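Nothing in this text is a laboratory measurement; each read-out follows from the coordinates by a stated rule. The shown structure was predicted, so the numbers you read here are calculated from the model rather than taken from an experiment. Neighbour counts are summed over all protein chains in view; Cβ atoms, including those assigned to glycine, are modelled from backbone coordinates with ideal geometry.
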Amino acid sequence: MSRTLKIYTGIFIVVIGFLMYLEYTKPKPIIWTPTYSSKDKIPFGTYIAYNELAQLFPEKNKKRIEQSISSYLSFNNRTGSDVFFIINQNSTLSETDTEYLLDFVEQGNDAFIVSNFIPTPILDSLHLKTESSYYILNKDFSNVELSLVNPSFSNPRYKFEKVDQYAYFSEIDSVNSVILGQYHMGTETKTNFIKQKYGEGYFYIQLFPEAYSNYFMLKDKNYMYVVNSLNYINKNTILWEENNKSIHTPPDGILMYIFNNPPLHWAWVILLCSFVLYSLFFGKRTQRIIPIIKPLKNTTVEFTQTIGNLYYNNKEHKDIINKKIKYFLYYVKEHYFMNIEKINTEFSDLLHLKSGVPKEITDKIVSLIQKNQNSDISTEEDLKLINRTIDLFYKNIN
């Protein structure tokens, strides 16, 4: 790597590292989506309210229900000592869930609903009507005060700022309904919290879910509004509904998913920068490819076969026999340290003793060698005979 390339690479690493440092040290953006989930610590989650139930009601049981109301009530006994706590921006319960909830309350249980929008079947069953108002956020219309009418709560007012929507009861059942809380906007007062008997149980309906959010509970003494309103719960088990929540869905698409996740976003940027740098500095080869040179092949065996075939095809049997005898005698000399100048009976006896080959084979070899030495012409049959005899000798060596 050249010195210039090293400098550019170092600058690139420093810049990327600095950008990553800025990205990971900057404050995370605040998510203002109103989910009202007991698992969310964002401003409009209900993590604080849910976890404070244990402090407010140490003698009561609490259970987070992460399935639909109808599914839960279908497989669990309705003891008459339970209260279903439902909080959401818009309580859009299904028709089946609504029927199960009405039946649940009618049998002596309670339902505590906190939402800007109440399902129509519930309103019709309780003979209630609600209306909503929307305001532009400004100094005059964005501030709302809430109060509880029970004298035991000293009737303080809790101030909520930057409210752009609120719902209230326009009609209630004066016989079965009890007003528990109200809105105050200047000189105007509206009912937003009631208790209504239904069958053997009660509905508690509150139309301002923002009051139970993390953001408003941590502001001033607004948490006391939540504490006092929850004191109306007199059942042993609190079933906190967690299934039907408003969920902020990020944009679809792989690239949008990457861009909405900072770590993946930076990984994508680094990948693109790396590709550009590679294209600029390593796009061309700096050295030719070194060809692979195969090692020379050992052709000794092929060469020997070729020479042998040449002699055999030219019918030079005498020369082939002489070479066979020569190689045989060389083998005897190297392995048995024998004198190969005189090929006679004594040579055969000594070869038999040293090699362990039967005497008739050594005698046969000596006889064929002597015959070849005394003859000027050899036939193909002579070649085959001496070849078989020498091979037989090698096979019988001990």
Fill in the blank from the handout: Longest principal axis of the chain (C-alpha) makes with the long axis of helix 317-336 (C-alpha) an angle, in degrees to the nearest 10, of 70
Problem - Options (i) 136; (ii) 405; (iii) 161 - which one matches volume of the Cα convex hull per residue in Å³ as calculated here - result: (ii)
Practice task
Count the DSSP beta bridges whose two residues both fall in the chain, then state the antiparallel fraction as a percent rounded to the nearest 5.
Solution key: 60
Handout entry: Viscosity 1.306 mPa s, 10 °C: Kirkwood-radius Stokes-Einstein D of the range 47-241 over Cα pairs, µm²/s
Key = 93
Problem - Dipole moment magnitude, nearest 20 debye, the chain about Cα centre, only Lys, Arg, Asp, Glu C-beta charged - result: 2520
Completion exercise
Nearest 10, in degrees from 0 to 90: the angle of helix 380-395 to the longest Cα principal axis of the chain is 60
Handout entry: Proximal aspartates and glutamates relative to K28, as straight alpha-carbon distance under 17 Å, when same-chain residues fewer than 8 apart are discounted
Key = D40
Exercise for the section: Give me I42, I365 ranked fewest to most by other Cβ atoms within 10 Å of their Cβ, as a rough exposure proxy. Expected result: I42, I365
Problem - Residue-count net charge about S177 - beta-carbon cut-off 14 Å; Lys, Arg +1, Asp, Glu -1 - result: +1
Handout entry: Proportion of all alpha-carbon pairs of the range 8-65 beyond 19 Å (%)
Key = 58
